[in-house]
Amino acid sequence: GCVLVVSVIEQLAQWHNSTVKAAVERLCDYIPGKYQIMCHMSCCIDREMNADVVCHSLRLCKQDPGQPLCHLYSPPKKEKHSSGLFHTFCLMLDKKSQVRSKSFMGFSSVCAFPLLANLCEKIKYVLRNKLPFEDFDGDKFSTFPTLRGYHWRGRDCNDKNTTVYPGRRPDNWDAKSDSNCNGIWGVDPKDGIPYEEKFCKGADSRGVVLLGDSAGAHFHIPPEWMTVTQMSAKSFANLPMAFSDEFDWPQFSEITGFLNSTIGGWTDSLYLRLRKRNRCNHRDLQNISQNVYFPINIAPYLSFSLARNQLLDNPAIVIYATIGNDVCNGERDTLAHMTTPKEMLSNVVQALRYLDSHLPNGSHVILTGLVDGRFLWDNLHDRYHPLGQLNKDITYSQLYSFLDCLQVSPCSGWLTPNETLRNLTSERALQLSNVLKEIARSEKFANFDIFYMDFPLRQTAQEWRKMGGEPWQLIEPVDGFHPSQIAAALGTGITWRKALHEWPQVLGKENPFNDQIEAIFKDQGGH
């Protein structure tokens, strides 16, 4: 974090031909108030010293005994940029600057800053529970967008009534109120029939639930946050929202996206297509994904995060898509920490048994295979990272090595110059995908049928090339790891076409009343 911030400050000074102090003030003008924690760092930054040197001198970066010295930039010449010389420079500052420097060095993380402590506590709550922080009636749905609110799950339309939430079957055909939050309620004055009964009875209404990892949550750090040639106050306007959504953008994601993308590309999602197919599906979505870089067993947290009542709610399409976590970790001996086929079988069957006891009859489960992550190194390793574009000094290969040295790599097995290790990681990913394929072939459940599909990376790349794009554009530019907004949108179309061709029963019937529903909805101002 320190290296990132100092790099941006030094590049701002370079780009605007200003002092470091002026660059810090410029950056702090860009960033919303309580997020200006880096303003404390200006006392000890020298444009002539790279960010690695600065951060080690501030003691925000350190070298543990027996561990290598981690650095993003090429090591400086010792006689010119020694840490001792730089520390002496810091001691020569005025007392006010020294106080600010020491106060910054005393914080173990951004969450230790008083202005962010309260928000961090809220975020820790949602990380533990995968549930909305603002949920007054406890039905697992919210009227608040972030902190696992309606960016992640359908928006609640009455947060004071636990029996009103997206995805439930209508109460008395919603003649008097909207119990399932799909916007369809009341009685047609022409014939006395409730609109919900007239338009949604027998319509095969269903919701969509994603059980996923950081790719499903749609992790994204805007590249304009660290590209000084594009940077302005507008660049950071979405920082508060991004921070309280864990730097995820599920509202634009491949499975549960519902808003027009503001992070490039376009939004196309399984939810939007289901809603277009049947307007009665409005708001019936749940994104239960999490940002972790180690194997996860989904079953234990389903019991408190999944919102589905077997007796009262509509069936659901559940997408099980942990496309990388079972082979991705930041460990030095990464192969030893990957999920084994035996563990994969146990974890997935355990989750499926829980789903069978909680999903309404007529539901569907789609298991998605793991990605072949060799695509990442092959298409990015020699390209410049956003931080390295100004001076052509940081490639993705350098970024991957830096993260691996810090033992915080999102995937040591794929983000490495070691071709043998990359191949072994893909070999394990294929073994685990075959486990999922066999589960879909052989296991039977009472309340849902089950299908398997490969992660459509190859088809996505082919489609994007036909559109004139380059493969590297399918990868998030800042982390160099996750699928980009373009990849997510293209993947939706591939998944939808496969389902229409091979499993049409999963998608339900097309509602012939969609146009009438939209016309009445529009006439009544949204009711």
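Tabulated data for the structure shown
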read-out	value
Mean projected area in nm² (Cα convex hull; one quarter of hull surface) for region 339-414	7.9 nm²
Rounded accessible area of Met453 (nearest 10 Å², 1.4 Å probe)	10 Å²
Helix-only [θ]222 nm of the chain, DSSP H runs n ≥ 4, -39500 (n - 2.57) each, per residue, nearest 500	-11500 deg cm²/dmol
Inter-label distance, nm, simple model (7 Å from Cα along the C-beta direction), Asn172/Asp449	3.7 nm
Region 207-517: relative contact order as a whole-number percent, Cα under 8 Å and 6+ apart	24 percent
Rounded accessible area of Thr368 (nearest 10 Å², 1.4 Å probe)	10 Å²
Dipole magnitude (debye, nearest 20) for region 207-517, charges at Cβ of Lys, Arg, Asp, Glu	780 debye
Sites Trp266 and Lys201 - FRET efficiency at Förster radius 22 Å, r taken between beta-carbons, to 0.05	0.05
Rg/Rg_globular for the chain, with Rg_globular taken as 2.2 N^0.38 Å and Rg from C-alpha atoms	1.06
Two-site label geometry, Val292 and Ala22: point separation in nm, points 7 Å out along Cα→Cβ	4.9 nm
Long-range HN-HN contacts of Gly207 with modeled amide H, under 5 Å	Ala316, Ile317
DSSP bridge orientation in region 207-517 - percent antiparallel, rounded to nearest 5	10 percent
Surface accessible to a 1.4 Å probe, Arg168 within the full protein complex, Å²	30 Å²
For the chain, size of Cβ-based charge dipole, Lys and Arg +1, Asp and Glu -1, in debye	520 debye
For region 160-167, Karplus couplings with θ = phi - 60° (6.51, -1.76, 1.60), whole Hz, Gly/Pro x	10, 9, 5, 8, 10, 6, x, x
Heavy-atom accessible surface of region 207-517: percent carbon and sulfur, 1.4 Å	53 percent
Full-stretch length increase - Thr143, Asn118 - with 0.36 nm per residue and alpha-carbon distance subtracted	7.0 nm
Rg over Rh [alpha-carbon atoms, Kirkwood Rh] for region 206-281	1.05
Inter-site label distance for Glu502 and Ser74 at 7 Å from Cα along Cβ, in nm	4.9 nm
Heavy-atom SASA rank of Cys55, Cys61 (probe 1.4 Å, accessible area, largest first)	Cys61, Cys55
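The values are calculated or read from the model by the stated rules, or taken from the named source; none is laboratory data. Only a predicted model underlies this, so the values are computations on that prediction, with no experimental measurement involved. A quick note on method: Cβ atoms are made from the backbone with ideal geometry, for glycine too, and the neighbour counts reach across all protein chains shown. These accessible areas exclude ligands, DNA and RNA; they are computed on the full protein's heavy atoms, side chains included. Shrake-Rupley method; radii C 1.70, N 1.55, O 1.52, S 1.80 Å.
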